[in-house]
Structure formats: structure tokens, C-alpha cells
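Each remark here refers to the structure printed beneath this line.
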Number of protein chains: 2
Amino acid sequence: MTTTDLDATTIAGLERTASELDAADPIAALRDEFVGAETSLVYFDGNSLGRPPRATVDRLARFVTEEWGGRLIRGWDESWMQLPFAIGDEIGRVAIGAGAGQTVIGDSTTVLLYKLLRAAFDAQQAADPARVEIVVDTDNFPTDRYLVDGIARERGGRVRWIEADRAAGVTADQLRAAVGPQTAVVLLSHVAYRSGHLADAPALTGIAHDAGALILWDLCHSAGSVPVEADAWGFDLAVGCTYKYLNGGPGAPAFAYVAQRHQAALAQPIQGWMGAADVFAMGPEYRPAEGMRRFLSGTPPIVGMLAMQDTLAMIERVGIEAIRAKSVALTDFTVTVSDTLLAPLGVAVASPRDAAERGGHVTLSHPAMRAVTAALWEQDVIPDYRDPEGLRIGLSPLSTSFAETLAGLRAVAAAVRAAS
Amino acid sequence: MTTTDLDATTIAGLERTASELDAADPIAALRDEFVGAETSLVYFDGNSLGRPPRATVDRLARFVTEEWGGRLIRGWDESWMQLPFAIGDEIGRVAIGAGAGQTVIGDSTTVLLYKLLRAAFDAQQAADPARVEIVVDTDNFPTDRYLVDGIARERGGRVRWIEADRAAGVTADQLRAAVGPQTAVVLLSHVAYRSGHLADAPALTGIAHDAGALILWDLCHSAGSVPVEADAWGFDLAVGCTYKYLNGGPGAPAFAYVAQRHQAALAQPIQGWMGAADVFAMGPEYRPAEGMRRFLSGTPPIVGMLAMQDTLAMIERVGIEAIRAKSVALTDFTVTVSDTLLAPLGVAVASPRDAAERGGHVTLSHPAMRAVTAALWEQDVIPDYRDPEGLRIGLSPLSTSFAETLAGLRAVAAAVRAAS
């Protein structure tokens, strides 16, 4: 039996599996609701920029013609002023387990993280000047690390770095050893952007709280693919992306969650008119609004927050649990295919093998992955690359099929072969 | 002769004038390029939210289908990473007199003002700890005042308030008296949001510089309607809106200008991945990028910055001088009509009467103006209201005709009569 015969049999088996999984997938039909689903393009980067729902094309056209063009400035009074809160509440309800009045669409992820970290650090400092440390891990996303570094410097604080193992994430023991009476705030990612490691958020939140620290969760890589229970898990603060699994479009504004119990005590530093108690009084002094509006600063980015509503409606229709079930099936299948087709080529799975510890993407490691990514893009097979040596296979559950996944991984195998 | 006869004659004269002005207007045809131009709606609030160009409907649909949906994540490499700089340079070239490499589209106006004010204040403090004051006027826009107040508090600085006369703006003498060796930075608006007063930006910039201060210009109410020469007038820093005269849509992101000579020395506090020297190295430490990218923080809001390109193309076609000429004619005509039809009803012109000291809107003052605004909105005549007693007649030069202006002001007269 030659390698080719072996491959042919193996491929036929995987194709049968993919086909069965697609046939059994209760949310398979949603894929057709996305732009480009009819093409042979393989999209493995919905964890970085989600595909647009077809409904978004009409939504934007209608918005420009009827709302912006038709209602003009009246649109602010009629609906736009409330939109950041209405969409925020919808994210809370369908994606992150947050009761109403705790989630809002604001600025970019980076700016919202800055505002909430500053607010949390300053409040902790005011209550207890000994709380000077911000805890963050070395494998966290660059923005998170850079922000913590800058804020510690400008506020006279210190950074306590946790050296996280990439595949294992921040462990309970590591966090327990890092926090104490000196800790102001902990910043962790729920799903790691490189390995896809899924943190045990309830346990880690409890550890931070036991030390008297506040915890800020970065939900960028989980919102919309992994269930989050912000209220039930006792989150203090969270920020998340809307252009990944929520398909809000390139650079769509992020959301911020602040638990009700903290809102009145937290003040963020970018004091703008939209965060003031009475926006149109335009009075001499800044008094922060009650509730989540105090975390806003400038005019809400309405055009940028329209698209995400189409995906939020889909999540509401099928439920986040069904989405997570498909996500687990997709990443399990990817690990299986990788073990079968890619391991013999020297490719390693750099993500957790246990689905309970894995978010919505699988990272495959090989020295040639940077070149492989470039070659794949030319063929309309689109993963992304992250140092070191990581090919990220993002599997957006609403828009990715098992057949597409297999086709893409076969292309990865061919590209690795060609590059080796 | 009865009042009615007098009115009829007067109205006929004004109608003739409006008709002649429209006929002689070299950029009159541009009005038809806006959504809603075919209706009888009168729009007097393009200084707050500009009308959408018709081209924007297609632009957004094409973007979702072809760029976002078709290129997907590749769009970042292919064009979106450069878009904030490309549009920034276009704003520089066609609207604010800035050479390439000094203007970028970033966050909201408020967030950009915060970043540049912080950067300027911190740099001045580092060079000379005696420079502890931020100078701002009491009639500046709320966001500007609130930010200054917050930054002074968090950085151990002080605010020096200039009590500006609403109609006369901040005078050279006032600024000269306010600045000195204690001044770090001055923040002024080029066109006042209430009265429409147009500041003598070159002279005031010189006064700030003579005292060793940096000056940050808020161009929100001038960009796209009043010529600005950021380079020639020696500006240090500027921030401006894109959803007013640049018709970028509700909450479109703002632009920031930083003069080349200052860029290397200024560091802004919101250290995110997009401001780092090598974005995708994702290294352990934040090193700010060269040039304007250091003033970015999070992922650029691409969807939000698309629409403004249609208006920038129009400005490029006809030139900002032609736009200013029409703007002056529109505001002059508004003053004339107000003197004729509204003064007898007790309405006063609260804006400068000299066009050289006036931006693109005219504010009309009367105790009933809040109620008048509400009544007008019901009739599709749409100015806006600003305390105290001010009806703002915004006259976006690209999308407003003289006939529309007269029709709207006649409706104002009727509404004031009804409310009195």
C-alpha cells in the first residue's frame, strides 16, 4: 500500500465524517446567511474578523437612507442615544450572561480596557494605598500588556507578571501566588489569543476576590463562541470585541461590562460630554452619569455598531449553548484531522486537547507556518499567523462548516508539504 | 398698507434674492448629491450631523460585499491598515492645510482630545515642571472643558479659565493675559459651537507660542466649512469631527493633527497594539511607532470611517475656498432674513455680524427657542437648540440652498409667532 493509497482511504473517511457532522449540525443552515458562503473560499479567521451576515448589506443601506438620511439629527433622540445600551444589554442577554444595565458599546477594545483598568486601579488605590499592583500574564494580548505597563507607570503602580505556559494558560496556583493585599486589579483573557486556551473564569475570579482584588476579564476571543456568565461568575469588569465572533465589521466598537455593585464607585478618566449626568445641559462642571453611561466619553459610534446586531439576532435565535456545542465539534474535528493529516508532516497542535479547556480556535505549530499562511491566502484559504510558528485555525461556529474545515486543513497539509 | 401686504412684498423680495443667489451659486448642483435633497425637508443641522451623500449608500454596500465579505482578514494588509492615514492625509490636503503624515483618523473626538492633551501636558511638564496650567475658555464645548478639568486633576495641574464673551470669543488680549511661563497647553475651538464665532487662529497660536505654550485647536465646527491652514498657521495639535461638515455619519471617528516637529517627543497614554512600533511582532514591551501611528491605540474603526470619503472627494472637486464663499453667502443671507423677518418678533442674532468672524452657522436668540425647535422638528424643519435660548441655523454649504434657507427661516418666524 503506497502513501497515496493510505491518503486516499484516510481522506475518504474524513470526508464521510465531515459530511455526517454537517448533516447532523442543527445550526448548519445559518452558514448560508453569510456573504460569501456560496464560494469555495475557506475562512479560518472569524476569530479575528468575522464574516458579514448578508442582512448587514441591507441594514446599512436602510440606515443611511432612512435613519441617517431621513431622520437626520432627530435620530439621536429617537433611538441612537439608547443604541449603545440596547445593544449592550442584548450582548449581556445572549452572549455574556449579564443582566440589563451593565453592558454598553463604547470605544475600541483598547480604549475601554484603559478606562476600566484606570477606574478599577484608582478606586482600589483610594480605598487602600497599599494596593499598588496590577496582575497580568506574559502571554496576554499585546494591548492588554502594554496598557497595564503604561497605567502602572503613570499611576505610580507596579506590574506583577505571571509567566503563563502558553497551552496551559494562567493556573489557579499561579494566580493564588501572584495576588495578595498588594493587588489592585487582575487582568486576564478568557480565551488566549494564541493557543485558544479557555480559562476557568469562575475559579480565577474567586481567587482574585479572596485577595481583595478586582478582576477585569478580556472577553475578545470568547464573546459569541464560548458561554460566559458574567453575573453568575461574579465578574467585576469585562471588555470584549465585537468584530470577531459577533461579526461587527473591521474596527467595530467594543463592549464594556461593569457589575452593578461597582458602577457608582468607579470613575473613568476620559471625561467627555456623553458621560456627563445631563448631556445637553452642557453645564460648567463634569458630573458623571448614573449607571453605564459614565463609562462613555465621546459621541457613540453609531455607524460602526450597526452590523453586530445581525449576529446578535442569530445568537438569540439558536442560543449560545448550541453555538458552543458546534464550536467544540469543529475544534475536536480539527484536532482529529490535524493528528491524521498534519502530525506526520511535523505539525503539532499547540492548543489544549481537552475541549473543556479550549475556546473557538485551534493553533497548529510548525516552523514553516509564516510562509504557509502566505501561500494559503493566495488560494483563498484564510487562516492567520501568530508568532511563534502558529497557524490559527479560527472556526466561527455560525459561518463555518465541517466540509469547509476539512477542505482547508487539506490545503494546509499541501502547503506545509510544499514549504518543507 | 397692512402688515400682511408688507410681509408679502418683503417675502417676494427675499424670494427673488434667494432665487438669484441659488442661480449664481457655482456649487449649487452638489446639493442633489445628498440623500433627501428631493424632499421639502429643511435641514439646518449639518453642523451637528451632516446629511449623507447618495454615494455613501453604494459605498457601504460595496464595502460589506466586496471588501469585508470578499477580502476578509486580508483587507487589513491590502488597505485598511493604511486607511486612517490615507483619509487623514486627504483631510489634511483638502480641508485643514496639513502636509502629509500629520493627520490620522482615530477614536472619538473626546478620546483624541484626551490623548493629545495628555501628551502635550506631560511633555511640557517633563521639559519644565513650572508649566502646570492648561488654558481653556468657559464657553468651549463641554467635552473640552470636562477633559481639561479631569486631566489637570489627575496630572497635578491647574486650569486657567478664560471668561469668553459668547459672541466675541477669546480675544488676543484675553489670551495674552492668561498665558505665561506657567502655561503648558492652550485648548481653544476654532469655531464656537454656540455663537459660531470664528477665532483668529494664526494670531492666537502666535500668542500661545510667545509664552512657550503648546496650542491644541478643536476644529470640530470648522473642518470642511472654514479654510484652515494648520501648517502655515503654526498649529501644534488639532482634533476635529468628521460627522459635521464632513458628513461621516453619526459617531464617525475624529481626526487628529500633530505637527511633524512634535511627533517624536509626544507620547500618549493609551498604549495599545496599533500604536506600537511593530504591530504584529506583539513583543513584550511597548515601543511607540514613528509618526502618527503612535497616536492610535486600538483597531482602527474602518466601517465608521468609510462615509466621510464621499464628502472629502466633493471638497477636493470644488475646493474649500468655494465652500467658504458659499458658507459666507448663506450666513450673510440668514442674518439679512433674520433682521427682516425675525427681529420684529424679538429674535436677536447671537452670532458675529461680520462674516470674517463667523463660521458656518448662525445662532438666533429668543426665550421661546426651545419650544420653537420642537415645533419645527414636527414640520420637517430641523435646526437645533443650545442653551441659553439659542436656535442654531447650521448651513452646510455643500447640501444647503438659499431657497431652503429662506423656507426654513419663514417657518422659524411662524413658530416664534405661534410660541409667543
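Based on this model, can you work out whether A:VAL104 counts as open to solvent by less than 10 Å² (accessible area, probe 1.4 Å), outside the structural domain of A:VAL258 (by the TED database) and farther than 20 Å from A:LEU188 by Cβ? For A:VAL104, the condition - open to solvent by less than 10 Å² (accessible area, probe 1.4 Å), outside the structural domain of A:VAL258 (by the TED database) and farther than 20 Å from A:LEU188 by Cβ - is not met. Can you pull out every residue in the range A:195-229 that is open to solvent by 30 Å² or more (accessible area, probe 1.4 Å) and in contact with a Lys or Arg (Cβ under 9 Å, 6 or more places away or on another chain)? A:ASP210, A:GLY212, listed by residue number. Counting the residues of the range B:205-225 that are touching a strand residue (DSSP E or B) at 6+ places or on another chain (Cβ under 6 Å) and either assigned by the TED database to the domain that holds B:PRO397 or assigned to a loop (DSSP other than H, G, I, E, B) (or both) gives 7.
Within the range A:151-164, the residues that satisfy the criterion of being away from chain B (no Cβ under 12 Å) and assigned to a loop (DSSP other than H, G, I, E, B) are A:GLY157, A:ALA164. Please work out if B:ARG417 is of a type in the set (Lys, Arg) and more than 24 Å from the chain's Cα centre (by Cα). Yes. Of all residues in the range A:274-305, those being within 15 Å of A:PHE255 (Cβ to Cβ), more than 8 Å from chain B (Cβ to nearest Cβ) and part of a loop (DSSP other than H, G, I, E, B) number 1. Put simply, of B:ARG166, B:ARG160, B:ARG145 the only residue that is more than 19 Å from B:PRO269 (Cα to Cα) and modelled with pLDDT under 95 is B:ARG166. If you check A:ARG386, A:ARG353 for being open to solvent by 10 Å² or more (accessible area, probe 1.4 Å) and at pLDDT below 95, only one passes: A:ARG386.
Okay, residues lined up against (1) part of a strand (DSSP E or B); (2) over 17 Å from the mean Cα position of the chain (by Cα); (3) more than 10 Å from chain B (Cβ to nearest Cβ); (4) surrounded by fewer than 24 Cβ atoms within 10 Å (Cβ to Cβ):
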| position | (1), (2), (3), (4) |
| --- | --- |
| A:GLN124 | no, yes, yes, yes |
| A:ALA130 | no, yes, yes, yes |
| A:VAL135 | yes, yes, yes, no |
| A:ASP149 | no, yes, no, yes |
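Please identify the pairs in which a residue from the range A:255-268 that is in the same structural domain as A:VAL239 (by the TED database) has its Cβ atom under 6 Å from the Cβ atom of a residue that is among the aromatic types (Phe, Trp, Tyr), counting only partners at least 6 apart or on another chain. That search, which allows pairs on different chains as well, returns A:ALA256/A:PHE295; A:GLN268/A:PHE295.
The single condition among (1) farther than 20 Å from A:ALA252 by Cα; (2) in the same structural domain as B:VAL239 (by the TED database) that B:ASN47 does not satisfy is (2). Among the residues of the range A:31-45, those that are surrounded by fewer than 22 Cβ atoms within 10 Å (Cβ to Cβ) and not in a loop (DSSP other than H, G, I, E, B) comprise A:ARG31, A:ASP32, A:GLU33. Kindly indicate the residue of the range A:336-362 that is of a type outside the set (A, V, I, L, M, F, W, C), in contact (Cβ under 8 Å) with a residue 12 or more places away in the chain and part of a loop (DSSP other than H, G, I, E, B) and also nearest to A:GLY50 (Cα to Cα) among those meeting that condition. Checked the range A:336-362; the qualifying residue nearest to A:GLY50 (Cα to Cα) is A:GLY360.
For the range B:236-265, taking the residues that are in a strand (DSSP E or B) and either facing chain A (nearest Cβ under 10 Å) or within 19 Å of B:ILE302 (Cα to Cα) (or both), the one that is nearest to the chain's Cα centre (by Cα) is identified as B:GLY240.
The residue list A:ALA126, A:ALA119, A:ALA130 contains one member that is among the hydrophobic types (A, V, I, L, M, F, W, C) and within 14 Å of A:LEU296 (Cα to Cα), which is A:ALA119. Among the residues of this structure, A:ALA167 does not count as one that is away from chain B (no Cβ under 14 Å) and out of contact with any strand residue (DSSP E or B) (no Cβ under 9 Å at 6 or more places or on another chain). Is the range B:219-231 home to any residue that is within 19 Å of B:GLY291 (Cα to Cα) and modelled with pLDDT of 95 or more? There is at least one residue in the range B:219-231 that is within 19 Å of B:GLY291 (Cα to Cα) and modelled with pLDDT of 95 or more.
Every residue, every condition in (1) modelled with pLDDT of 95 or more; (2) open to solvent by 70 Å² or more (accessible area, probe 1.4 Å), yes or no:
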{"site": "A:THR9", "(1), (2)": "no, yes"}
{"site": "A:THR17", "(1), (2)": "yes, no"}
{"site": "A:ASN47", "(1), (2)": "yes, no"}
{"site": "A:GLY50", "(1), (2)": "yes, no"}
{"site": "A:ARG59", "(1), (2)": "yes, no"}
{"site": "A:ARG62", "(1), (2)": "yes, yes"}
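Residues checked against (1) open to solvent by less than 10 Å² (accessible area, probe 1.4 Å); (2) within 13 Å of chain A (Cβ to nearest Cβ); (3) assigned to a loop (DSSP other than H, G, I, E, B); (4) touching a residue at least 60 places away in the same chain (Cβ under 8 Å):
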{"site": "B:LEU364", "(1), (2), (3), (4)": "yes, no, no, no"}
{"site": "B:VAL372", "(1), (2), (3), (4)": "yes, no, no, no"}
{"site": "B:ALA375", "(1), (2), (3), (4)": "no, no, no, no"}
{"site": "B:PRO397", "(1), (2), (3), (4)": "yes, no, yes, yes"}
{"site": "B:THR400", "(1), (2), (3), (4)": "yes, yes, yes, yes"}
{"site": "B:ALA403", "(1), (2), (3), (4)": "no, no, no, yes"}
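Considering only residues in the range A:35-76 that are more than 22 Å from B:ALA55 (Cβ to Cβ) and small (Gly, Ala, Ser), the one that is farthest from the other protein chains (Cβ to nearest Cβ) turns out to be A:SER40. Answer with yes or no whether A:ALA28 is more than 20 Å from the chain's Cα centre (by Cα), under 29 Å from A:LYS326 (Cα atoms) and in contact (Cβ under 8 Å) with a residue 40 or more places away in the chain. It is true that A:ALA28 is more than 20 Å from the chain's Cα centre (by Cα), under 29 Å from A:LYS326 (Cα atoms) and in contact (Cβ under 8 Å) with a residue 40 or more places away in the chain.
Filter the range B:251-290 down to the residues that are open to solvent by less than 10 Å² (accessible area, probe 1.4 Å) and over 22 Å from B:LEU83 (Cα atoms) and list them by number. Scanning the range B:251-290 gives a single hit, B:LEU266.
What do you reckon, is B:TRP68 surrounded by fewer than 23 Cβ atoms within 10 Å (Cβ to Cβ) and either modelled with pLDDT under 95 or hydrophobic (A, V, I, L, M, F, W, C) (or both)? For B:TRP68, the condition - surrounded by fewer than 23 Cβ atoms within 10 Å (Cβ to Cβ) and either modelled with pLDDT under 95 or hydrophobic (A, V, I, L, M, F, W, C) (or both) - is not met.
Assess whether A:VAL159 counts as being open to solvent by 10 Å² or more (accessible area, probe 1.4 Å), assigned by the TED database to the domain that holds A:HIS209 and out of contact with any His (no Cβ under 9 Å at 6 or more places or on another chain). So A:VAL159 passes the test. In summary, B:PHE85 fulfils each of the numbered conditions (1) part of a helix (DSSP H, G or I); (2) open to solvent by less than 10 Å² (accessible area, probe 1.4 Å) with the single exception of condition (2). Please work out if B:GLU389 is more than 29 Å from B:ALA23 (Cβ to Cβ) and acidic (Asp, Glu). When the stated conditions are applied, B:GLU389 passes them.
Answer yes or no: is there a residue in the range A:195-203 that is more than 30 Å from A:ASP128 (Cα to Cα), part of a loop (DSSP other than H, G, I, E, B) and either free of Cβ contacts under 8 Å to residues at least 60 places away in the same chain or away from chain B (no Cβ under 14 Å) (or both). Within the range A:195-203, one or more residues are more than 30 Å from A:ASP128 (Cα to Cα), part of a loop (DSSP other than H, G, I, E, B) and either free of Cβ contacts under 8 Å to residues at least 60 places away in the same chain or away from chain B (no Cβ under 14 Å) (or both).
Could you figure out which of (1) away from every other protein chain (no Cβ under 14 Å); (2) assigned to a loop (DSSP other than H, G, I, E, B) isn't true of A:ASP139? Condition not satisfied by A:ASP139: (1).
The values are calculated or read from the model by the stated rules, or taken from the named source; none is laboratory data. All figures in this text were calculated on a predicted structure; none of them were measured in a lab. Reconstructed Cβ throughout: ideal geometry from the backbone, glycine too, with neighbour counts over all protein chains shown. In case anyone asks, the SASA skips ligands and DNA or RNA and just uses the protein heavy atoms, side chains included. Shrake-Rupley method; radii C 1.70, N 1.55, O 1.52, S 1.80 Å.
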